[in-house]
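Engineer: Before we start, here is the structure in question, set down as structure tokens.
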Amino acid sequence: MSDATSHEIDHFMKGLMKRNPGEPEFHQAVHEVVETLIPFILSNRVYKDAQILERMTEPDRVVIFRVCWEDDSGNIRTNRAWRVQFNNSIGPYKGGIRFHPNVTLSVLKFLGFEQTFKNSLTGLPMGGGKGGSNFNPKGKSDREIMRFCQSLMIELHRHIGEDTDVPAGDIGVGSREISYMFGQYKRLENRFSGILTGKGLSFGGSLVRTEATGYGCAYFCENMLNHIEDSLVDKICSISGSGNVALYAVEKAIELGAKVVTLSDSDGFVHVPNGINLEMLAFIKELKTVRRGRIHEFANHYKGVDFYAGKRPWNVPCDIAFPCATQNEINRADSQELINNGVKAVVEGANMPTNLDGIHEFRHAKVILAPAKAANAGGVAVSGLEQSQNALRLSWSREEVDQRLKSIMLEIHSKCVQHSHKYEDYTDYITGANIAGFTKVADAMLAYGIV
Ligand code: GLU
């Protein structure tokens, strides 16, 4: 990198950090993007002259509101919620809602910023947004979850709409929460419309939406491996997390011939040296989605499965790592451990799971890394297909949606390869995804003039 480029990156980041104090996750997400985008912008002056990057890192607006609700013991509880409407240049704002005690404005701005690029990569007309609350769903009763979702929607309903902003799920928000929110929206507005995605199948949801993020990651991984004349067959995969993304990544990876040896939750990870089989996967799905239990219960139930409390799975040797839990779950030490154990590829199922040091280590060791905005775009892509089905008042078959998902993931892969820098035989997917995602949004912003 030339001195002029690194000076420009430093200058840009200093300004961004000054304008957005105390938002480390947002700084990190932007830094990762500008490291690869600024060299591109410096050689495409039209974007520089129009200050597109400065404009793209400033959300269109942020709505912040109080959510009051009553718990089962009659105590009044207060949480904070946000909707970050980041950029609607190429379509209505689109992105999930996260319920987790560590949700802050910084976390939602990083997610909304990333979502803008991700949604652009899908090729569908979706802008970027994200929302959430510091509400902790862990240990809450069904009724408490319902009251919280209803109270949140009392404020959120006035800010969303099928042509304005279409939220969906994310960590802590699945079909139960989407259903409570959708039901409340319908009462408030007296309208049945596709204002949320991830809905139940009997009220406008799409087949394959539940599986889409995890399946999409496995498809993207297969595309990456095919690109270097390899495949998932017989690959040892280490997957973190045990939510929606992780479980369906396991399912598809097994179907494509891989052996998946780990899963995790916030208590620790499980190691299955012989590989997770379909019976085990069914057990874990029931444990995690119906009983809402902990991953160590899986280890207690099966012989030959070990549980490691308080640890992440990155010291287990594997060919491919799928971080599918949450942000910053792979740091420099984790990436070094993976590299020393011979990892060939990293496929990000979670958003921003690898920190900047980890990214630099992987790039240096020529480990191919599929960034979240490309690898996990399958979820929001099928959300986009759900919007299309809602607008048409039709439901497509499972095969039709799955086929479209596959083609979208293949198309994203091609765009990444087309825009990446080639270092001999190494494809830098991060650069490819950032440039491809950026240009579509940036060109729309240029067309709109100074807005
Ligand atoms: N939360 C998911 C993501 O990070 C899905 C968003 C959506 O379907 O709108 O992409």
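The values are calculated or read from the model by the stated rules, or taken from the named source; none is laboratory data. All values reported here derive from a predicted model rather than from experimental measurement. Methodologically, a virtual Cβ is constructed for each residue, glycine included, from the backbone with ideal geometry; neighbour enumeration extends over all protein chains shown. SASA here: full protein model, heavy atoms, side chains in, ligands and nucleic acids out. Shrake-Rupley method; radii C 1.70, N 1.55, O 1.52, S 1.80 Å.
Engineer: Please give the contour-minus-distance gain from ASN44 to GLN418: 0.36 nm per residue of separation, less the Cα-Cα distance, rounded to one decimal in nm.
Structural biologist: 133.0 nm is the gain from fully extending ASN44 to GLN418.
Engineer: Could you let me know the centre-to-centre spacing of the range 335-406 and the range 285-329, using Cα atoms, in angstrom?
Structural biologist: 19
Engineer: Multiply the residue separation of LEU394 and HIS31 by 0.36 nm, subtract the distance between their alpha-carbon atoms, and state the gained length in nm to one decimal.
Structural biologist: 126.5 nm
Engineer: Which whole-number percentage describes the relative contact order of the range 348-450, with Cα contacts under 8 Å and a sequence gap of 6 or more?
Structural biologist: 25
Engineer: A further question on this structure: Tell me, how many Å apart are the Cα centres for the range 171-190 and for the range 24-63?
Structural biologist: Result: 34 Å between the Cα centres.
Engineer: Then there's this: Rounded to the nearest 10 Å², what accessible area does MET1 have for a 1.4 Å probe in the complete protein model?
Structural biologist: 150
Engineer: Find the eigenvalues of the gyration tensor of the Cα atoms of the chain, then list the square roots of 5 times those eigenvalues as equivalent ellipsoid semi-axes, largest first, in whole angstrom.
Structural biologist: 30, 29, 21
Engineer: May I pose another question? Can you order the peptides 151-164, 242-255, 266-279 by their average number of other Cβ atoms within 10 Å per residue, highest first?
Structural biologist: Per-residue Cβ counts within 10 Å, averaged per peptide and sorted highest first, yield 242-255, 151-164, 266-279.
Engineer: Now for a different question. What's the carbon and sulfur percent of the chain's accessible surface, probe 1.4 angstrom, rounded to a whole number?
Structural biologist: The nonpolar share, carbon plus sulfur, comes to 50 percent.
Engineer: When the Kirkwood hydrodynamic radius is evaluated over all pairs of different C-alpha atoms of the range 319-401, what value in angstrom, to one decimal, is obtained?
Structural biologist: Computed over Cα pairs of the range 319-401, the Kirkwood hydrodynamic radius comes out at 14.1 Å.
Engineer: Relative contact order for the chain: what percent, with Cα pairs under 8 Å and sequence separation of 6 or more?
Structural biologist: About 15 percent, as a whole number.
Engineer: Another question, if that's okay. How far is it, in nm, from the label point at HIS227 to the one at LYS406 when both lie 7 Å from their Cα along the line to the Cβ?
Structural biologist: Between HIS227 and LYS406, the simple spin-label model gives 2.0 nm.
Engineer: Binning at 10 angstrom from zero up to the longest distance, how are the C-alpha pair distances of the range 258-301 distributed in percent?
Structural biologist: Over the range 258-301, the share of Cα pairs per 10 Å bin runs 28, 62, 10 percent.
Engineer: With a cut-off of at most 10 other beta carbons within 10 Å, and DSSP calling the residue loop, which trypsin sites (Lys or Arg not before Pro) in the range 347-425 qualify? Please list them.
Structural biologist: Hits after loop and neighbour filter: ARG393.
Engineer: Further question: Using a Förster distance of 35 Å, how high is the FRET efficiency between ALA282 and LYS138, based on the Cβ-Cβ distance and rounded to 0.05?
Structural biologist: That pair, ALA282 with LYS138, gives E of 0.90.
Engineer: A further question on this structure: By the gyration tensor of its Cα atoms, with a ≥ b ≥ c the square roots of the eigenvalues, what is the shape of the range 380-451: rounded for a/c under 1.5, prolate for a/b over b/c, or oblate?
Structural biologist: Here the range 380-451 falls in the oblate category.
Engineer: If you count only protein heavy atoms with a 1.4 Å probe, what accessible area per residue comes out for the chain, rounded to a whole Å²?
Structural biologist: Averaged over the residues of the chain, the accessible area is 41 Å².
Engineer: Compute the relative contact order of the range 38-98 as a whole-number percentage, counting only Cα pairs closer than 8 Å that sit 6 or more residues apart in sequence.
Structural biologist: Reported relative contact order: 27 percent.
Engineer: Oh, and also: Can you give me the solvent accessible area of TRP82 with a 1.4 Å probe, rounded to the nearest 10 Å²?
Structural biologist: Ignoring ligands and nucleic acids, TRP82 comes out at about 20 Å².
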